[in-house]
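The values are calculated or read from the model by the stated rules, or taken from the named source; none is laboratory data. Note that the structure is predicted; figures quoted are calculated from it, not measured. Reconstructed Cβ throughout: ideal geometry from the backbone, glycine too, with neighbour counts over all protein chains shown. Heavy atoms of the whole protein, side chains included, go into the accessibility calculation; ligands, DNA and RNA do not. Shrake-Rupley method; radii C 1.70, N 1.55, O 1.52, S 1.80 Å.
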There are 4 protein chains.
Amino acid sequence: MPRVGMEPIRRKALIEAAIETIGARGNLDVTMSQIARSAGVSPALAHHYFGGKNQLFLATMRHLLSDFAEGVREALRTSDAPRARISGIIRQSFGPDQFVPATVAAWLAFYVLAQSDPQARRLLGIYGRRLNSNLVDALVRIAPRAAALRIAEGIAALIDGLYIRRALKHGPPDPASAIALVENYVDTELAALEGRQ
Amino acid sequence: MPRVGMEPIRRKALIEAAIETIGARGNLDVTMSQIARSAGVSPALAHHYFGGKNQLFLATMRHLLSDFAEGVREALRTSDAPRARISGIIRQSFGPDQFVPATVAAWLAFYVLAQSDPQARRLLGIYGRRLNSNLVDALVRIAPRAAALRIAEGIAALIDGLYIRRALKHGPPDPASAIALVENYVDTELAALEGRQ
Amino acid sequence: MPRVGMEPIRRKALIEAAIETIGARGNLDVTMSQIARSAGVSPALAHHYFGGKNQLFLATMRHLLSDFAEGVREALRTSDAPRARISGIIRQSFGPDQFVPATVAAWLAFYVLAQSDPQARRLLGIYGRRLNSNLVDALVRIAPRAAALRIAEGIAALIDGLYIRRALKHGPPDPASAIALVENYVDTELAALEGRQ
Amino acid sequence: MPRVGMEPIRRKALIEAAIETIGARGNLDVTMSQIARSAGVSPALAHHYFGGKNQLFLATMRHLLSDFAEGVREALRTSDAPRARISGIIRQSFGPDQFVPATVAAWLAFYVLAQSDPQARRLLGIYGRRLNSNLVDALVRIAPRAAALRIAEGIAALIDGLYIRRALKHGPPDPASAIALVENYVDTELAALEGRQ
DNA sequence: AATGAATGAGCCTTCATTCAT
DNA sequence: AATGAATGAAGGCTCATTCAT
């Protein structure tokens, strides 16, 4: 017996099913049927609500992205100190919400999708630039601009690299050690700058 | 015009065509027909020589891997000094052979494949462990064991992270800046260790 | 024009189309497309409902087998007299339902399939054993056990042999002469036993 | 180093390989490559000598058929007594040469081929008619024509039926019991005729 | 709101066959 | 005499997508 107002419920369920299914398989070679089954609905319904497979993927990416962005925003709200803000971003990147295996695998899959799908690339680009500007904004307050740009890129590359390794179940399985490695990177780089001054 | 002794020629051509095709598309969603056409042969021939799509992929990975390993081996041969050996590995990781866009994209695609294909994972695992032990072997000669392990992981993560970003055409398009960033990481980490002593 | 409740209708149509197509060709070298076309649906639908070619074949065998078994059961219900029961089985073996050219050819094709497909063999084994036990059960009531076993085997071999010849359009095209030949065999064998007593 | 006069050697080897391969698989779904490999030559050579797969099959049938005919001819040569000649034919049908599993399976496969291939059917027709006339010729000397025809058909059907069962590995695995069953059939039928006279 | 029914398009794979050597 | 090289054709199967209910 269909009830009104089911749309948001179904959409959310399908997006979560998509993450789960993609995560379990490790790539985007999942079928609409699998996702729909995992969400407990018919494939036709997934279609009805999203208009197509690609659009479901895009919506799923948007979900992941806005989830992450929301987390970062919250982390930044807690402190205005540059170094603390950087830590907030790092902590958020490896937070429980983001570092769930299925989510990590889905992220990696979307990284790949971005290579062939312009919309996915745009989405990822926005996220990348926002993350970068958050990092740079904080870093320029405690380091010369050139160094800030470099360190920001290093942080982002480290996060991505550790993510990949996590997705492949290599490296430390715990977020703590990932966070420590990046934090150490930041500390060492900043300390080196001060030493030179 | 069938001539004898074509097998090695065809195998090589098909592997190169696979890299090219995967690189152009950015993922493994390429058809045997596309690869075969790019190699100038019929799809049936690709099957004949490799036995199937997956085996062609695996052979292509092996090619990439052994190419890289050969480069590293050569780089290590030039010097016995620990720091120089590390630089050799980094330089090789971003060398002209490895940092070609198509090759980078193929690597990323294989990273993803490794999540669902046990053989691919095994292959990648061997490479990862070998790379790690090369790095650690050099680092332990100039740093405490714990630090050596951490820095080795940092280097590997940075390389992977910069690779991803390259594959997505983000970040520095030139190998030089990628190398500089990793080299700087090593220098800073090592310097910090000395300062602490 | 999709209407609900089509599944049983389609399954039946496809099974009948399979018999028809196999019968027309005389072997199992028929394509799913041919069968599907003959059933008036797309090949994809045949896969959807049966999961694959082999499973469609198996379902078709099961259909043939259960059809036959049902006929035998009915034939046995009409009489409890041993000799009459044997006649019932023979009559059923060459009855209008079973002796249709296409059906006969399909049977022969499945006999062959049974040599390479374990499931088909199992299916045929069940049928063979049931037929044999029905014959033996009746025969032991009017003949010594050893003779009963022999005659049962003779009947079965005659039925199969006449079937083959029918499939090849040799021998009598009419069921009547086939039935007469087998009946005569039974009569003569039983008479011989009595004469010897 | 190719030698002259290889043709008959290769042809024989390929035909035997064909019987072996078909027998092992239980049907005609064998590839030229499999047959050629089993004969120790290249697929191209099989082609060269026979002109095609179908023609190789036909040649194999002819081989089987003439082998059998030769055996029958020899069996008939030993005696002129009608009953003995019938026994000779039966014995030959289940003789060591003919009752080898692979050969039996190949026969069955060719029975099926005869349904779709006119040439195969013609070949089988000739054999069938010759066998029948041999049987009838002997039987008319000891039984009324109508009975002779009937018994001849019964013998042929029994042979075919027991063959099929042998091919499916049902029934007695030993030729002796098959022969006994058919012999018994002949004896009983003939005795019945005498009794009636 | 939701789904069963249905299909077109496409891909991997197999194989008989041909050809130059 | 013999074979490696190569392909065209075809079949099984999957899947996103559409449609009527």
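Can you tell me which residue is least open to solvent (accessible area, probe 1.4 Å) among those in region B:135-147 that are in a helix (DSSP H, G or I) and of a type in the set (D, E, K, R)? Can you show your working first?
Of all residues in region B:135-147, those in a helix (DSSP H, G or I) come to B:135-139, B:145-147.
Next cut, of a type in the set (D, E, K, R) only: B:137, B:145.
On the way: B:137: 93, B:145: 148 Å².
Across region B:135-147, the extreme among qualifying residues is B:137.
Step by step: first the residues of region D:99-122, then only those that are away from every other protein chain (no Cβ under 11 Å) and assigned to a loop (DSSP other than H, G, I, E, B), then the one that is surrounded by the most Cβ atoms within 10 Å (Cβ to Cβ). Which residue is that?
D:99
Is at least one residue of region A:152-161 over 12 Å from the mean Cα position of the chain (by Cα), β-branched (Val, Ile, Thr) and within 13 Å of chain B (Cβ to nearest Cβ)?
There is at least one residue in region A:152-161 that is over 12 Å from the mean Cα position of the chain (by Cα), β-branched (Val, Ile, Thr) and within 13 Å of chain B (Cβ to nearest Cβ).
Can we say residue B:187 is in a helix (DSSP H, G or I), buried (at least 19 other Cβ atoms within 10 Å of the Cβ) and within 9 Å of chain A (Cβ to nearest Cβ)?
For residue B:187, the condition - in a helix (DSSP H, G or I), buried (at least 19 other Cβ atoms within 10 Å of the Cβ) and within 9 Å of chain A (Cβ to nearest Cβ) - is not met.
Look at residue D:135 and say whether it is touching a helix residue (DSSP H, G or I) at 6+ places or on another chain (Cβ under 6 Å) and within 8 Å of another protein chain (Cβ to nearest Cβ).
No: the conditions fail for residue D:135.
Here are C:28, C:76, C:65: which of them is in contact with a helix residue (DSSP H, G or I) (Cβ under 6 Å, 6 or more places away or on another chain), open to solvent by 10 Å² or more (accessible area, probe 1.4 Å) and closer than 23 Å to residue D:113 by Cα?
C:28
If I ask for residues that are more than 21 Å from residue B:108 (Cβ to Cβ) and open to solvent by less than 10 Å² (accessible area, probe 1.4 Å), which ones from region A:148-160 would you list?
Within region A:148-160, A:148, A:151, A:152 qualify.
Find the residue count for region C:116-129, including only residues that are without any contact (Cβ under 8 Å) to a residue 24 or more places away in the chain and of a type in the set (Gly, Ala, Ser).
Residues in region C:116-129 being without any contact (Cβ under 8 Å) to a residue 24 or more places away in the chain and of a type in the set (Gly, Ala, Ser): 2 in total.
So is residue B:70 more than 16 Å from DNA strand E (Cβ to nearest atom) and open to solvent by 40 Å² or more (accessible area, probe 1.4 Å) or not?
Considered against the rule, which asks whether it is more than 16 Å from DNA strand E (Cβ to nearest atom) and open to solvent by 40 Å² or more (accessible area, probe 1.4 Å), residue B:70 comes out as yes.
Which condition breaks for residue B:194 when tested against (1) in a helix (DSSP H, G or I); (2) under 30 Å from residue A:123 (Cβ atoms)?
Evaluating residue B:194 over (1) in a helix (DSSP H, G or I); (2) under 30 Å from residue A:123 (Cβ atoms) leaves (2) as the failure.
Residues to consider are A:126, A:86; find the one that is open to solvent by less than 10 Å² (accessible area, probe 1.4 Å) and in a helix (DSSP H, G or I).
Working: A:126 fails: open to solvent by less than 10 Å² (accessible area, probe 1.4 Å).
None of the others qualify; the one that does is A:86.
Any residue in region D:19-39 that's away from chain C (no Cβ under 14 Å) and farther than 12 Å from residue D:57 by Cβ: show its pairings with residues that are outside any helix (DSSP H, G or I) and not charged (D, E, K, R) at Cβ separation under 8 Å, as long as the two are six or more apart or on different chains.
D:36/D:42
Search region C:1-45 for residues being assigned to a loop (DSSP other than H, G, I, E, B), of a type outside the set (A, V, I, L, M) and within 23 Å of the chain's Cα centre (by Cα), and hand back the single one that is farthest from DNA strand F (Cβ to nearest atom).
Out of the qualifying residues, it is C:26.
Go through (1) among the polar types (S, T, N, Q); (2) touching a residue at least 24 places away in the same chain (Cβ under 8 Å); (3) crowded, with 18+ Cβ neighbours inside 10 Å one by one and return the number of the condition residue A:132 breaks.
(3)
So how many residues does region C:1-43 have that are touching a Leu at 6+ places or on another chain (Cβ under 9 Å), among the β-branched types (Val, Ile, Thr) and within 7 Å of DNA strand E (Cβ to nearest atom)?
1
Yes/no matrix, rows are residues, columns are (1) of a type outside the set (D, E, K, R); (2) open to solvent by less than 10 Å² (accessible area, probe 1.4 Å); (3) modelled with pLDDT of 95 or more:
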site: C:17; (1), (2), (3): yes, yes, yes
site: C:39; (1), (2), (3): yes, no, yes
site: C:53; (1), (2), (3): no, no, yes
site: C:61; (1), (2), (3): yes, yes, yes
site: C:97; (1), (2), (3): no, no, no
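Restricting to region C:162-171, and then to whatever is outside any helix (DSSP H, G or I) and facing another protein chain (nearest Cβ under 8 Å), can you tell me which residue is farthest from residue D:130 (Cα to Cα)?
We begin by selecting, within region C:162-171, every residue outside any helix (DSSP H, G or I); these are C:168-171.
Cutting the leftovers down to facing another protein chain (nearest Cβ under 8 Å) gives us C:168, C:170-171.
Numbers: C:168: 16, C:170: 14, C:171: 14 Å.
Ranking the qualifying residues of region C:162-171, first place goes to C:168.
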